Amino acid sequence: MMDFPPDTILELPSNISATYLSEGAANVVYSINVPPQSNTPQHGDIQEKGEDTATNPWHGKLLRFRKDLPTTTPTLDAHIAFRTSIAPLFPAEDLIDIRLVSLGSSHLIQTLNAALRAAEEASADSPRPRQRHGVYLADDPHALLITDMSPPTSSTLIQFKPKWLAPSPSAPPGSKRCRTCALHAKRGISKPSFCPLDLISSSPADVRRAAGLLLGLPASAPTDSTSLSITQNGSSVVEDGSTKPAAQNVVPNANHNDTPPTAATSEQLHTLSRLTSWALTSPLLRHLRHIQTTCDPYGVSHLLSSPSSPSSSTSLKGLQIAMTLRDVTVFLVVPDGEGVLRARLGDLDVKSLGKVGEWGRVEGVLGGGWYQGTKGAEGGGREGCWLGRQGGEEEGEGEKEGNGVREKEGMGLKGGKEVKERKERGGCIGQ
Ligand SMILES: Nc1ncnc2c1ncn2[C@@H]1O[C@H](COP(=O)(O)OP(=O)(O)OP(=O)(O)O)[C@@H](O)[C@H]1O
Ligand SMILES: [Mg+2]
Ligand SMILES: [Zn+2]
């Protein structure tokens, strides 16, 4: 916990108002409005270091509530799991700030649920996506206060899930698809999506290919050499995330319909270049891969085949962390012009170990031809998975850099130095 600020529980002021912002499958997120002079009592006597008591802790934050679903756990338990398992693995600046809020006797949940129901009326002019109707907030005494990553004007938010940044340890030798591409092929997802191994490759062409797909740009964009002009444009939109694809882009003019545009705008090409440069050098992405691979070195199939080994509980804990970090969201704020890009991870809910059987089942299915590429069309990336383009995991011409294929820790990959440095801040617990 070296880098992570001590925890405090905030008590919800009675004069707060919350406005629906967005929702995923398991949580609803609200923007908040609290008068600036609110005196916010805090449980416990730990004062966050560097935080002025006069600072409004609600400023620049959102409220996140869990939905009433069998898959969600009480917010207090979920927060403790996050604090103990995930937060220590990252420098605090890599994660959105998350704090526990006690709702007290505010009846806020009831108020918000009434609003969610009202938003489903046919006459309602509501941003609530139809496929989310019928599920409401759990009657939980806590919610979470999280950093608002909505971009300021003159910036754009790119939001995406980097998914599995290394091949699955359960995949058979010679696999032609990574875990993410194999699952996409299995699901028959025809919408082109990026391969995570492209995104984290040390080859600029690979990264640009992934970035183009992530931004929903025309197929020609990654190789387009049109000279770039910078367009200052403050517009930014946060997609609602209703179907939660691996990548969500929120770049102006990105391709959201089924008719592929023939050419990218100069503004899009500029964003493409900036995203590519960021991904090529991002210590955050490399650290994420490092934790994913070191926490789960053997894979779920191996764990399930030797459940009574003495190290299995440590291995299961590692698997739980790795699976959590294979489903996080990157919030990347891209300022217009040439300012520095800022990234933080969010959607850090620790996965339930009750899912281990399901994870094992998926590996079994994918190993029946989807990893090997003998089943399914290459619908994912336009040129298929990074792994397939290398000629297979076992058949490549020597050491492949950086994508977890025979990768030695911190060697031969761009960003290896940063990985080493960050490892000192936190490697996988118990590994
Ligand atoms: N820190 C944030 N800043 C800005 N917007 C956010 C933030 N966190 C979440 N959102 C918005 O709210 C949506 C839902 O949030 P979140 O991903 O936490 O829900 P979820 O139910 O866990 O999603 P999933 O279905 O992926 O598990 C996101 O897709 C995003 O649009
Ligand atoms: Mg989630
Ligand atoms: Zn892939």
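The values are calculated or read from the model by the stated rules, or taken from the named source; none is laboratory data. Just so it is clear, the model here is predicted, and its values are computed rather than measured. Glycine also receives a Cβ, built like all others from the backbone with ideal geometry; neighbour counts cover every protein chain displayed.
At a glance:
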| read-out | value |
| --- | --- |
| Test result for PRO13, within 21 Å of ASP349 (Cα to Cα) and at pLDDT below 95 | no |
| Of all residues making up region 323-341, the number that are free of Cβ contacts under 8 Å to residues at least 40 places away in the same chain and more than 30 Å from SER154 (Cβ to Cβ) | 1 |
| Long-range neighbours under 6 Å by Cβ, at least six apart or interchain, first residue among the aromatic types (Phe, Trp, Tyr) within region 342-361, second away from ligand 1 (no atom under 12 Å from the Cβ) | TRP359/VAL300 |
| Leading residue by the ranking (nearest to ALA322 (Cα to Cα)) among those in region 126-164 that are out of contact with any Pro (no Cβ under 9 Å at 6 or more places or on another chain), among the charged types (D, E, K, R) and surrounded by 14 or more Cβ atoms within 10 Å (Cβ to Cβ) | ASP148 |
| Residues that are in a loop (DSSP other than H, G, I, E, B) and either buried (at least 16 other Cβ atoms within 10 Å of the Cβ) or not aliphatic (A, V, I, L, M) (or both), drawn from region 91-125 | PRO91, ILE96, ASP97, LEU103, GLY104, SER105, SER106, HIS107, GLU120, GLU121, SER123, ASP125 |
| Candidate set: region 309-338, residues that are charged (D, E, K, R) and closer than 24 Å to SER170 by Cα; chosen: the one farthest from ligand 3 (Cβ to nearest atom) | LYS317 |
| Among the residues listed as SER202, SER155, SER168, the single one being among the polar types (S, T, N, Q) and within 16 Å of ligand 1 (Cβ to nearest atom) | SER155 |
| Filter result (without any contact (Cβ under 8 Å) to a residue 12 or more places away in the chain and within 26 Å of the chain's Cα centre (by Cα)) within region 74-125 | ASP77, ILE80, THR84 |
| Hits in region 327-369 (condition: within 12 Å of ligand 2 (Cβ to nearest atom), in contact with a Leu (Cβ under 8 Å, 6 or more places away or on another chain) and not in a strand (DSSP E or B)) | VAL328, LEU348 |
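For (1) buried (at least 17 other Cβ atoms within 10 Å of the Cβ); (2) not small (Gly, Ala, Ser), each residue gets a yes or a no:
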site	(1), (2)
VAL340	no, yes
VAL350	yes, yes
TRP359	yes, yes
GLY364	no, no
GLY368	no, no
TYR371	yes, yes
THR374	no, yes
ALA377	no, no
GLY384	yes, no
